[in-house]
Amino acid sequence: MNLLKDEVSLLVRKLAVPASVGTLFQTLYTIVDTFYAGKISPEALSALSKSFPIYFLIVATSIGVTVAGTSLIGSSIGEKNEKNVLNYFGNVIIYSIIISIIVSILGFAFGEKIFLLMNSSQEVTILGLEYINVIFLGTILFILVVALNSFLHAEGDTKTYRNVLIFSFFLNIILNPIFIFGFLFIPPFGITGIGIATLIAQFVSLLVILIKILNNQRIKQITLDHFKTKFFFLKNIFFQSMPITIAILGYSIAATIVFTYVGLFGEYAVAGYGSATRIEQVVLLPILGINTAIISIIAQNIGAKYYDRVEQSYFTSIKYGLFIMLIAGVVIFISADIVPKFFSSNPEVIMHGSMYLKISAFILPAYPIFFLSNGFFMALKKSEKAMINNIARNVIVPVLSFYIAKHLNADFKTFFYIWAIFQWLISLMLLFYVKYYIKHKLANI
């Protein structure tokens, strides 16, 4: 594929489909974890759900590294600056190791406090820490995988990571029951076993991507000098990565606020909501795949100053995203009473899961506008704008939703209707801003 010359809509499909398939299996991976947590107990299911805002510290950092690597390396490829391509790659690896250590320390230090903040019972807190502390031991595995993969994404290769995620999914299906319930000489670890299985799968993923990277023609030109710490490159990586990481950490804040409010209705309400969001994540996968595609396409084209192709990439992605989410919303609404039964047989868990999915069906078409607009700014190396957008959506909106709901003494359903209204408002505002930016600001970059 030639990201600078091939027809844009074809490129979006070619890049988005493998990225979406890969992300599908990444999300199915978490669904398998959720399924087995439900087999342990409803409390374990609640603990796994509540661990998500804490685990999201790793996710946010990984996305920041991915976006920084993809946009900076991709832009250098578009500029035909091969020296910078390798320097950015080497320093992305250095940055990943440093940030991994920091994230692990933060995770161990604040994990318990966040569980308690979400009104967790003692049993749920203990179970949650048994899982999340294992995950933070392997932070470096998660971040190195995406750091290496950002190079492949910058070149337009989304298939390798797709294949890795598919393999990890099937490996996780095998490893989860072994480490949760025990097998032969392996003792039962309970919810800790879910974390152990995840780290093993991540280690295997790292080996596979490393082998692919070492066989890359550009990487064969790399020397030790490219792995020396260079302030210019580390500075650019930091300022491209950190706003995204901080912005996406806002989602962790949002999730904590939502779980705190939902927790007022009991741990089973949390379990129902948490399991339903796994399904929502599956539905959003095509949008994340399209987002991966447009970051790769726009990054190279902005480097080459092909502004018309940048604009075309954005609006093509929005059209695809809206079409897919409208169909997905209908499917989710129709199946909302059935899907939660996959995770639990508890009637209260099922009721709350079904209730949330029916509301989520109306929110879904707002998501592609938000995510793809942020992807647009990430590809332009304007991470600070994506950070502002995320802070608005993931900090200001949840806080407003929480206090409005508290003021109205809103029940579970009303809280999420308030949430839905805000999601649509902020997405529409962002769409109009991007249209303005393309018309008046793009050529001045």
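The values are calculated or read from the model by the stated rules, or taken from the named source; none is laboratory data. All values derive from a computational prediction rather than experimental measurement. Note that we place each Cβ from the backbone using ideal geometry, even for glycine, and neighbour counts take in every protein chain shown. Areas reflect the complete protein model, heavy atoms only, side chains present, ligands, DNA and RNA absent. Shrake-Rupley method; radii C 1.70, N 1.55, O 1.52, S 1.80 Å.
Relative to the dominant Cα principal axis of the chain, helix 231-262 is inclined by about 20°.
Surface composition of the chain: carbon and sulfur make up 70 percent of the accessible area, probe 1.4 Å.
Averaging Cα coordinates gives a centre for segment 384-423 and one for segment 311-327; these two points are 25 Å apart. Computed on protein heavy atoms with a 1.4 Å probe, the accessible areas place L57, L428 in the order L428, L57, largest first. Using the 1.4 Å probe convention, the accessible area of segment 171-242 works out to 56 Å² per residue with neighbouring protein chains retained.
For S345, the solvent-accessible surface with a 1.4 Å probe is about 110 Å², rounded to the nearest 10.
Mean-square fluctuations from a GNM of the chain, with a 10 angstrom spring cutoff on Cα atoms, peak among P365, P188, P398 at P188. Taking the inverse of the mean 1/r over every pair of distinct Cα atoms in segment 289-411 gives a Kirkwood hydrodynamic radius of 16.8 Å. Computed from Cα positions, the angle between helix 267-283 and the longest principal axis of the chain comes to roughly 30 degrees. Taking +1 at the Cβ of each Lys and Arg and -1 at the Cβ of each Asp and Glu, which of Q122, F422, Q240 sits farthest along the dipole of the chain towards its positive end, judged by Cα position relative to the Cα centre? Going by the Cα projections, it comes out as Q240.
Placing unit charges on the Cβ atoms only, positive for Lys and Arg and negative for Asp and Glu, gives segment 316-444 a dipole magnitude near 600 debye about its Cα centre.
When the surface is traced with a 1.4 Å probe over the full set of protein chains, E79 keeps roughly 100 Å² accessible. Under the convention that each Lys and Arg Cβ holds +1 and each Asp and Glu Cβ holds -1, the size of the dipole of the chain around its Cα centre is about 1280 debye. With the helix formula -39500 (n - 2.57) applied to DSSP H stretches of n ≥ 4, the chain reaches a computed 222 nm mean residue ellipticity of -28500 deg cm²/dmol. Considering only N301, N409, N346, the mean-square fluctuation computed in a Gaussian network model of the chain, springs between alpha carbons under 10 angstrom, is largest for N409.
Note on segment 123-244: dipole from Cβ charges, positive end direction compared against F142, P188, L207; the farthest Cα belongs to L207. Modelled spin-label separation between I404 and E348, with each label point placed 7 Å from Cα along the Cα-to-Cβ direction: 2.8 nm.
Ordering Q221, A255, A276 by the projection of their Cα atoms onto the charge dipole of segment 206-284, which places +1 on the Cβ of Lys and Arg and -1 on the Cβ of Asp and Glu, puts Q221 at the extreme positive end. The distance linking segment 68-136 with segment 225-294 is 11 Å (Cα centroid to Cα centroid, whole angstrom). Percent of C-alpha pairs per 10 Å bin in the chain, short distances first: 5, 21, 33, 27, 12, 3, 0. For segment 101-184, a simple Cβ point-charge model (Lys and Arg +1, Asp and Glu -1, everything else neutral) yields a dipole of about 120 debye relative to the Cα centre. Within the listed set V282, V270, V331, the residue fluctuating most in the Gaussian network model of the chain (springs between alpha-carbon atoms under 10 angstrom) is V331.
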